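First up is the structure itself, then whatever we jot down about it.
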Amino acid sequence: MMIKTTSVLGKAAVARGLVKAIFTVKPDERLTQTYHGIEFASPVGLSAGFDKNGEIMPMISRLGFGFGTVGSVTAKQCDGNPRPWFYRLPKSKSLVINAGLANDGSTAILKRIHNYSKTAIRQFPIVLSVAKTNSCDVVSIREGIEDYVTTVKRAKDQPRIKVIELNVSCPNTYGGEPFTTPEKLEKLLKAVDVVGAKQPIFIKMPIDHEWPDFQQLLNVILKHKVAGVTISNLYKDRTSADLKDVLPDSVKGNLSGKPTWQRSNDLIQRTYREYGDKLTIIGVGGIFTADDAYTKIKLGASLVEIITGVIFCGPQLAAQISYDLSKLLERDGYTHISQAIGVDSGEKN
Ligand SMILES: Cc1cc2nc3c(=O)[nH]c(=O)nc-3n(C[C@H](O)[C@H](O)[C@H](O)COP(=O)(O)O)c2cc1C
């Protein structure tokens with residue numbers, strides 16, 4: 001209901017103006033950064049999974065976000081997994097997600113984004129999160145690669161898509177996570193290289209890999225035309241998650257929010273330490289406050305993303321975090337956010 005209402009309101013310039021007046025804080029030059037030729041007015045973006053069909057980017061751009069992710073989208077339309085898709089764990093600040101990549105398909109979604117009016121979106125950077133269709137028709141590695149490549153080809157000449165993020169780590173789909181082994185990732189990235197997309201490519205990383213396995217994936221990524229990594233996706237191992245709510249076994253899905261916090265931080269820190277000069281890091285997982293965002297930035301994230309925080313705390317969260325981040329920079333004597341990136345990443349091994 002929220003997406004539908006926001007989508008309708010987003011078509012009206014008056015409603016967009018009103019939302020902007022209420023929620024947006026004054027742009028702060030100290031938070032503005034340029035990566036891969038794209039200007040981000042704030043480091044706080046909307047993570048994949050909120051605007052699955054590209055319906056509300058005009059409103060997201062008025063809510064103080066520095067960028068917004070659409071998707072994950074797939075080559076074919078997909079109804080997703082049988083409902084329910086979401087289960088709230090409020091004491092744990094987490095959601096159990098089992099949507100299974102429900103989306104309208106990349107052709108329809110890219111058309112929708114293309115059709116936003118000129119004034120609705122302006123220069124707001126849109127990231128397109130691309131996954132493979134969750135269907136028993138797309139099971140083999142060859143079919144999976146074809147599915148990703150089809151969407152990347154559709155997106156590559158779309159001027160409104162500023163970044164393409166390959167979601168290789170969606171855990172709750174038909175056939176599991178097929179592209180999180182070095183061999184399969186290598187095949188996928190080889191095929192995506194050939195497409196020659198103009199946009200920088202990011203990889204949405206899995207969270208459950210131990211560092212040596214994660215590092216092997218990074219070593220594959222470095223051999224290809226990849227600009228950065230988004231760390232990380234949902235947490236699968238609910239037995240090791242620190243949950244403060246009862247989670248019945250009958251509830252299917254994987255965990256977002258606070259259960260992803262520590263592991264995502266560890267992976268950001270180690271990735272920055274080893275590869276910070278080669279890959280841009282987007283940090284995501286368990287951000288509810290500016291302090292949380294700042295922690296990830298100091299560990300090595302250049303940009304951060306939120307989603308569970310928005311669902312629990314409300315649409316003002318991005319603007320609030322940006323406003324408070326400026327105060328944190330001031331407190332620590334930094335004149336620009338770039339000075340804080342990676343300061344807590346430790347010594348390179
Ligand atoms: C409702 C919901 C839907 C999601 N769907 C996707 C998705 O389609 N693609 C994807 O890459 N990640 C998806 N995610 C994972 C988030 O993008 C993010 O990586 C993860 O939830 C950690 O961030 P958070 O702690 O702010 O939720 C989803 C998360 C949530 C909460």
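For E29 and K111 in the same chain, what is the full-extension length gain: residue separation times 0.36 nm, less their Cα-Cα distance, in nm?
That pair, E29 and K111, stretches by 26.2 nm at full extension.
Quick check: at a probe of 1.4 Å, how many percent of the accessible area of the chain sits on carbon and sulfur atoms?
Here carbon and sulfur together make up 54 percent of the probe-accessible area.
To the nearest 10 Å², what's Y272's accessible area with a 1.4 Å probe?
Surface open to solvent at Y272 totals about 60 Å².
With +1 on each Lys and Arg Cβ and -1 on each Asp and Glu Cβ, how big is the dipole of the range 2-339 about its Cα centre, in debye rounded to the nearest 20? Walk me through the numbers before you get to the answer.
Working: 44 positive and 33 negative charges, 196 e Å.
So the dipole magnitude of the range 2-339 works out to roughly 940 debye.
How would you order 25-31, 36-42 from highest to lowest mean count of nearby Cβ atoms within 10 Å? Intermediate values should be presented prior to the final figure.
Working: 25-31: 14.3, 36-42: 17.0.
My ranking of the peptides, most packed first, is 36-42, 25-31.
Would you check the accessible area of F23, probe 1.4 Å, heavy atoms only, in square angstrom rounded to 10?
60
Contour minus end-to-end for A191 and L18, with contour as 0.36 nm per residue of separation and end-to-end as the Cα-Cα distance?
Stretched fully, the A191-L18 segment lengthens by 57.8 nm.
Checking the table K52/K162; K76/K111; K187/K252; K156/K190; K162/K204 against a 21 Å threshold on Cα-Cα, which pairs fail?
Values: K52/K162 17 Å; K76/K111 14 Å; K187/K252 30 Å; K156/K190 16 Å; K162/K204 16 Å.
Flagged as over cut-off: K187/K252.
Report ³J(HN,Hα) in whole Hz for each residue of the range 50-56, in order, from the Karplus equation J = 6.51 cos²θ - 1.76 cosθ + 1.60 where θ = phi - 60°; Gly and Pro get x.
Calculated HN-Hα couplings, in order: 8, 10, 4, 10, x, 9, 10 Hz.
Answer with one residue from L188, H114, T151: the one whose Cα lies farthest towards the positive end of the charge dipole of the range 2-339, charges on Cβ with Lys, Arg +1 and Asp, Glu -1.
Positive-end residue among those listed: H114.
Using the Karplus curve 6.51 cos²θ - 1.76 cosθ + 1.60 with θ = phi - 60°, work out ³J(HN,Hα) for each residue of the range 12-18 in order, rounded to whole Hz, and write x for Gly and Pro.
Using θ = phi - 60°, the values come out as 9, 4, 5, 5, 4, x, 5 Hz.
List the aspartates and glutamates whose Cα lies under 20 Å from the Cα of K236, skipping any in the same chain that are fewer than 8 positions away.
Those aspartates and glutamates meeting the cut-off are E177, D208, E210, D213, D245, D249, D266, E305.
What does the charge count near I282 come to, summing +1 for each Lys or Arg and -1 for each Asp or Glu among other residues with Cβ under 12 Å from its Cβ? Numbers along the way, then the final one.
On the way: positive: K204, K296; negative: E165, E305.
Net charge around I282: 0.
What is the packing order of peptides 316-329, 46-59, taking the mean over residues of other C-beta atoms within 10 Å and listing the highest first? Present the calculation step by step, with values, prior to reporting the outcome.
Details: 316-329: 20.4, 46-59: 23.6.
In decreasing order of mean packing, 316-329, 46-59 become 46-59, 316-329.
In percent, what relative contact order does the range 214-326 have, based on Cα pairs under 8 Å that are 6 or more apart in sequence? Numbers along the way, then the final one.
Details: 150 pairs, mean separation 28.7, N = 113.
About 25 percent, as a whole number.
The values are calculated or read from the model by the stated rules, or taken from the named source; none is laboratory data. All of these numbers come straight from a predicted model, not from anything done at the bench. As a convention, Cβ positions derive from the backbone with ideal geometry for all residues, glycine included, and neighbour counts pool all protein chains shown. Side chains are part of the model used for accessible areas, which takes the heavy atoms of the whole protein and leaves out ligands, DNA and RNA. Shrake-Rupley method; radii C 1.70, N 1.55, O 1.52, S 1.80 Å.
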